[in-house]
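What follows is a single structure, written as structure tokens, with notes after it.
Taken together, the values in this text are just the output of simple stated rules run on the coordinates, not laboratory data. All of these numbers come straight from a predicted model, not from anything done at the bench. Here Cβ is always computed from backbone atoms with ideal geometry, including for glycine, and neighbour counts include all displayed protein chains.
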């Protein structure tokens with residue numbers, strides 16, 4: 001049976017479409033079975049690590065600036081104390097502290113002090129969140145790679161050894177980034193948060209005592 005002219009013209013288009021689908025399937029299979037998916041997952045984990053490092057580092061710098069400023073305020077009346085020029089963060093904290101000391105509304109002043117306390121106390125949970133997220137992203141990358149490999153191999157478990165060897169590296173990278181982040185911040189973060197809370201309590205107690213004496 002001879003094909004019609006329309007069918008003969010459509011045959012090359014169908015062949016080209018099947019070829020494109022075959023190339024796409026081959027490229028996806030190479031991405032899943034090779035290092036492509038693992039590299040993408042590891043890159044995503046490294047980006048999350050950089051975001052965590054920037055966030056925790058910025059908040060820790062703020063806690064250190066607050067701790068140093070309140071500590072200076074507590075000993076400012078002693079002879080021989082001098083304050084070095086501060087950064088923009090220190091200047092902002094100094095302005096906020098001056099506004100609290102000059103406030104006529106005790107409720108507003110206490111609210112601002114409480115805001116400082118809450119921001120300092122959120123730093124340790126933030127570090128715990130980022131470290132846990134990095135570990136889970138590493139595990140997710142491994143499970144995702146194995147699942148996609150199993151789907152592309154149509155259930156042939158013997159072909160999963162290669163993808164397993166590459167996909168496991170996402171877990172390794174996630175754990176390594178989590179450990180590195182903890183090593184960079186955990187100890188000094190705890191020490192600075194404790195010092196900040198002590199200085200803040202002492203500064204707030206003196207502020208309230210001065211306010212009662214002036215009343």
* Gyration tensor (Cα) of segment 103-151, equivalent ellipsoid semi-axes in angstrom -> 46, 9, 4
* Asked: How do the peptides 55-61, 99-105 rank, highest first, by the average count of neighbouring beta carbon atoms within 10 Å per residue?
  -> 55-61, 99-105
* To do: Would you mind getting me the FRET efficiency between residue 111 and residue 182? Use the beta-carbon distance for r and R0 = 30 Å, nearest 0.05.
  => 0.35
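Tell me, in nm to one decimal, what length is gained between residue 103 and residue 190 on full extension, where the rule is 0.36 nm per residue of separation less the Cα-Cα distance?
Separation in residues times 0.36 nm, less the Cα-Cα distance, equals 28.2 nm.
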* Show me 63-69, 194-200 ranked by packing, highest mean number of other Cβ atoms within 10 Å first. => 63-69, 194-200
* Asked: Which FRET efficiency value, to the nearest 0.05, is calculated for residue 214 and residue 92 with the Förster distance at 25 angstrom and r the Cβ-Cβ distance?
  -> 0.45
